[in-house]
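Enquirer: Mind looking over this structure? Questions follow.
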Amino acid sequence: MTTRLAGHLLVECLIAQGVTHAFGVPGESYLAVLDGFHAHADRIRFVVNRQEGGAAFMAEAQGKLTGRPGVCFVTRGPGATNASIGLHTAFQDSTPLVLFVGDVASEARDREAFQEVDFNVFFGPSTRGMAKRVERIDDPRRIPEYVARAFATAMNGRPGPVVLVLPEDMLTQRVEGEALPRVEPVQAWADPGALRELRSLLLAAERPLVIAGGGGWTPQSAAALQRFAENWQLPVANAFRFQDCFDNHHPNCAGDVGLGIGPALARRVRDSDLILAIGPRLGEATTGGYTLIEAPVPRQKLVHIHASAEELGRVYQPALAIQASMNAAARALEVLTAPPTVPWTDWTAGCHADYEANVDVRNGGIVLPGTIDMPAIIHTLQQQLPPDAVLTNGAGNFATWLHRFYRYHGLAKGFKTQLGPTNGAMGYGVPAGIAASLLTGRTVVTFTGDGDFLMNGQELATAVQHGARSIIVLLNNGIYGTIRMHQEREYPARVSGSDLRNPDFCALARAYGYAAERVNRTDEFGPALQRALEGQGGTLIEVVLDPEVLTTRGTLSAIRNAAR
């Protein structure tokens, strides 16, 4: 058998796992892997990023879009620490991801060599928020074993990130061996007895509510969930930033349970007598700070279905806990025998009516100052974007306009349409949108703010270099909006650290190679969006927003006056 560099074998293992794109910032610690990408350029593409945080976000978006681990390569020390934001996002969002870290040579290990970090300490499971597993490959002959295990670990149970550390000298050794076959996620099926108990709980309920979300969903499982909801006439709400889990155009859709939740839906969650949580871990954002669903024992009966046994009973003590992967759970639920009639049809219709009222652009709830009507802007997006468009966002109050007023097409239609960080990571939307464009070729719109954009705006250079075509809608109000909102609530009129002096965003975008337009009035947005959709490259549309337009439910002055 012919020998080759261990770095080449590593790339062959990625190809065997179905990886078509890897994201990263090059480092001298893994030159042998870069040479492997060159040798196999016809089968896998290495996307060169401008900062490791952007690369890790692109890999995280890759994991969300494909359901298989996104792949990111960085060098030791500074590179790995920069990438940690993407790892934390993948952990809290339950996204499969594998981060490969080029490391110091074996002979220099444990001497605090140049850029050396103890990655088990920095990323390991003991952090309870970085990685599911951290391993170091010292023997190049075991590369296939480690890569296959990393992919399995990232996908099985609760999906999440895995770190593989690559000593520089290990990668340059010559080695024989072959890649292991493609790893598929293990399906955990629900216990039949638990399903019978679930059916009994449903039959005894009067105001049931499904909350769907979390990782591990596919178009097939989302379609099965939809059939279950239709068979039992159940209202379905989506967990925070999993709004495409259940189709927002479906008559059983109850909206999204997350930050900025509609007051009517919040009441529905509280008033429900049975909550069926399928997939979400029921974190702080989805539970309204653990108030809509109280921990550890909710007022409502709670059925919690999750792929990880460790997650069940960790925060909430449910009436019924079922360990099952989403594909298996949804397929079991869709064949759960429903009665001829159920007593909650009016309840379900009411949940959907509340949702319709919440997203009605004529019912924004506030009179907006300035020349920009944000609900109308979102309505224009809804009208002009194709159904399979991917919407990405980072973190900030700007995202609440999208979350409230945009109706996401559901995964059951065959495509994922939302990419957003449940951990609230600023700077996610721009790189996620670029990755979505490269991976899918579909229309991609990134919704961002002035503060959020500059966290990773440098990745426009990556987009232009690699041929990505994203449309960026940038809301510029000159402030860190979320911080200012909380500041006005707690310390009204005492502004500190939340004002921004911004660059010329259009000039900056053009410098990178994007087209750019500035919008000052609502009627200018539609034509600008149409030109962006027809363009050959990426476009940034800057929407100049009055700082008073702070939230979907209140102005800055109203928040300040209420606090006073």
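Enquirer: Any idea how many residues of segment 366-385 are touching a Leu at 6+ places or on another chain (Cβ under 9 Å) and within 18 Å of Asn248 (Cα to Cα)?
Expert: Number satisfying all stated conditions: 6.
Enquirer: With over 29 Å from Ile278 (Cβ atoms), in contact (Cβ under 8 Å) with a residue 24 or more places away in the chain, of a type in the set (Phe, Trp, Tyr) and surrounded by fewer than 20 Cβ atoms within 10 Å (Cβ to Cβ) as the only criterion, which of Phe122, Phe100, Phe73 stands out?
Expert: Result of the check over Phe122, Phe100, Phe73: Phe122.
Enquirer: State yes or no: is Thr153 β-branched (Val, Ile, Thr) and closer than 27 Å to Leu180 by Cα?
Expert: The answer is yes for Thr153.
Enquirer: If we keep just the residues of segment 415-443 that are aliphatic (A, V, I, L, M) and closer than 12 Å to Thr89 by Cβ, which is surrounded by the most Cβ atoms within 10 Å (Cβ to Cβ)? Step through it out loud before you land on a result.
Expert: Going residue by residue through segment 415-443, those that are aliphatic (A, V, I, L, M) are 419, 425-426, 430, 432, 434-436, 438-439.
If we keep only those that are closer than 12 Å to Thr89 by Cβ as well, we get 419, 425-426, 432.
Working: Leu419: 28, Ala425: 25, Met426: 20, Ala432: 35.
Here the residue is Ala432.
Enquirer: Looking at segment 456-475, which of its residues are surrounded by fewer than 24 Cβ atoms within 10 Å (Cβ to Cβ), in a helix (DSSP H, G or I) and not small (Gly, Ala, Ser)?
Expert: Gln458, Val464, Gln465, His466 - these are the residues of segment 456-475 that are surrounded by fewer than 24 Cβ atoms within 10 Å (Cβ to Cβ), in a helix (DSSP H, G or I) and not small (Gly, Ala, Ser).
Enquirer: Just give me the residues in segment 125-154 being in contact with an Asp or Glu (Cβ under 8 Å, 6 or more places away or on another chain) and either buried (at least 17 other Cβ atoms within 10 Å of the Cβ) or without any contact (Cβ under 8 Å) to a residue 12 or more places away in the chain (or both), in sequence order. First the steps, then the outcome.
Expert: Taking segment 125-154 and keeping what is in contact with an Asp or Glu (Cβ under 8 Å, 6 or more places away or on another chain), we get 136, 141, 144, 146, 149-150.
Of everything in segment 125-154, those that are in contact with an Asp or Glu (Cβ under 8 Å, 6 or more places away or on another chain) and either buried (at least 17 other Cβ atoms within 10 Å of the Cβ) or without any contact (Cβ under 8 Å) to a residue 12 or more places away in the chain (or both) turn out to be Arg136, Pro144, Tyr146, Arg149, Ala150.
Enquirer: Now for a separate question. With the requirement that a residue be farther than 18 Å from Gln323 by Cβ, open to solvent by 10 Å² or more (accessible area, probe 1.4 Å) and aliphatic (A, V, I, L, M), what does segment 293-312 give you?
Expert: Ala295, Val297
Enquirer: Can I ask one more? Which condition number in (1) at positive phi; (2) in contact (Cβ under 8 Å) with a residue 12 or more places away in the chain is the one that Gly289 fails?
Expert: So the condition that Gly289 fails would be (2).
Enquirer: Moving on to the next point. Can you confirm whether segment 343-360 contains a residue that is assigned to a loop (DSSP other than H, G, I, E, B) and either over 26 Å from the mean Cα position of the chain (by Cα) or surrounded by 18 or more Cβ atoms within 10 Å (Cβ to Cβ) (or both)?
Expert: Scanning segment 343-360, I find at least one residue that is assigned to a loop (DSSP other than H, G, I, E, B) and either over 26 Å from the mean Cα position of the chain (by Cα) or surrounded by 18 or more Cβ atoms within 10 Å (Cβ to Cβ) (or both), so the answer is yes.
Enquirer: Would you please list the contacts, defined by Cβ atoms under 7 Å and residues six or more apart or on different chains, that run from a residue in segment 15-26 that is under 21 Å from Leu180 (Cβ atoms) to a residue that is aromatic (Phe, Trp, Tyr) and at pLDDT 95 or above?
Expert: Gln17/Phe151; Ala22/Phe46; Ala22/Phe73
Enquirer: Pairs, please: C-beta under 7 Å, at least 6 apart or cross-chain, first residue free of Cβ contacts under 8 Å to residues at least 24 places away in the same chain and in segment 536-564, second surrounded by fewer than 18 Cβ atoms within 10 Å (Cβ to Cβ)?
Expert: Close Cβ pairs satisfying both conditions: Ser557/Glu548.
Enquirer: I would also like to ask the following. Give the residues of segment 516-535 that are within 23 Å of Gly451 (Cβ to Cβ), free of Cβ contacts under 8 Å to residues at least 60 places away in the same chain and not acidic (Asp, Glu), sorted by residue number.
Expert: Passing the criteria: Ala516, Arg518, Ala528.
Enquirer: While we're looking at this one, here's another question. Exactly one condition in (1) farther than 19 Å from Asp139 by Cα; (2) open to solvent by 10 Å² or more (accessible area, probe 1.4 Å); (3) of a type in the set (Gly, Ala, Ser) is not met by Ala55; state its number.
Expert: Only one criterion in (1) farther than 19 Å from Asp139 by Cα; (2) open to solvent by 10 Å² or more (accessible area, probe 1.4 Å); (3) of a type in the set (Gly, Ala, Ser) is unmet by Ala55, namely (2).
Enquirer: So how many residues does segment 533-548 have that are among the β-branched types (Val, Ile, Thr) and in contact with a helix residue (DSSP H, G or I) (Cβ under 6 Å, 6 or more places away or on another chain)?
Expert: 2
Enquirer: I've got another one for you. For segment 155-181, which positions are open to solvent by 10 Å² or more (accessible area, probe 1.4 Å) and either within 29 Å of Leu312 (Cβ to Cβ) or among the small types (Gly, Ala, Ser) (or both)?
Expert: Once the filter is applied, which keeps residues that are open to solvent by 10 Å² or more (accessible area, probe 1.4 Å) and either within 29 Å of Leu312 (Cβ to Cβ) or among the small types (Gly, Ala, Ser) (or both), segment 155-181 yields Met155, Asn156, Gly157, Arg158, Pro159, Gly177, Ala179.
Enquirer: Inside segment 513-524, can you point out the residues that are out of contact with any helix residue (DSSP H, G or I) (no Cβ under 8 Å at 6 or more places or on another chain) and either open to solvent by less than 20 Å² (accessible area, probe 1.4 Å) or of a type in the set (Lys, Arg) (or both)?
Expert: The first filter runs over segment 513-524 and keeps only residues out of contact with any helix residue (DSSP H, G or I) (no Cβ under 8 Å at 6 or more places or on another chain), leaving 520-521, 523-524.
Within segment 513-524, Arg521 is the sole residue that qualifies.
Enquirer: Based on what the data block shows, is Arg50 of a type outside the set (Asp, Glu), open to solvent by 10 Å² or more (accessible area, probe 1.4 Å), under 28 Å from Ala113 (Cβ atoms) and touching a residue at least 40 places away in the same chain (Cβ under 8 Å)?
Expert: yes
Enquirer: Okay, moving on. If we only count helices (runs of 4 or more DSSP H) wholly inside segment 1-117, which ones have 3 or more residues that are within 30 Å of Pro219 (Cβ to Cβ), touching a helix residue (DSSP H, G or I) at 6+ places or on another chain (Cβ under 6 Å) and small (Gly, Ala, Ser)? Can you show your working first?
Expert: On the way: elements: 6-16, 31-39, 52-66, 78-93.
Helices (runs of 4 or more DSSP H) meeting the threshold: 52-66, 78-93.
Enquirer: Which members of segment 361-374 meet the condition of being without any contact (Cβ under 8 Å) to a residue 40 or more places away in the chain and not in a loop (DSSP other than H, G, I, E, B)?
Expert: Residues satisfying the conditions are Arg362, Asn363.
So that you can scan it fast, the table gives a plain yes or no per residue for (1) assigned to a strand (DSSP E or B); (2) modelled with pLDDT under 95; (3) surrounded by 14 or more Cβ atoms within 10 Å (Cβ to Cβ); (4) hydrophobic (A, V, I, L, M, F, W, C):
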| position | (1), (2), (3), (4) |
| --- | --- |
| Ala493 | no, yes, no, yes |
| Ser496 | no, no, no, no |
| Asn502 | no, no, yes, no |
| Ala507 | no, no, no, yes |
| Ala511 | no, no, no, yes |
| Gly526 | no, no, yes, no |
| Leu533 | no, no, yes, yes |
| Gly537 | no, no, yes, no |
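Enquirer: Can you pull out every residue in segment 467-498 that is farther than 30 Å from Leu439 by Cβ and of a type in the set (S, T, N, Q)?
Expert: Asn477, Gln487, Ser496, Ser498
Enquirer: How many of the residues in segment 552-564 are hydroxyl-bearing (Ser, Thr, Tyr) and open to solvent by less than 20 Å² (accessible area, probe 1.4 Å)?
Expert: Counting residues in segment 552-564 that are hydroxyl-bearing (Ser, Thr, Tyr) and open to solvent by less than 20 Å² (accessible area, probe 1.4 Å) gives 1.
The values are calculated or read from the model by the stated rules, or taken from the named source; none is laboratory data. This one's a predicted model, so the numbers in the text were calculated from it and none came from an experiment. Positions of Cβ are generated from backbone atoms using ideal geometry, with glycine treated the same way; all protein chains shown enter the neighbour counts. Accessible surface areas use protein heavy atoms only, side chains included; no ligands, DNA or RNA. Shrake-Rupley method; radii C 1.70, N 1.55, O 1.52, S 1.80 Å.
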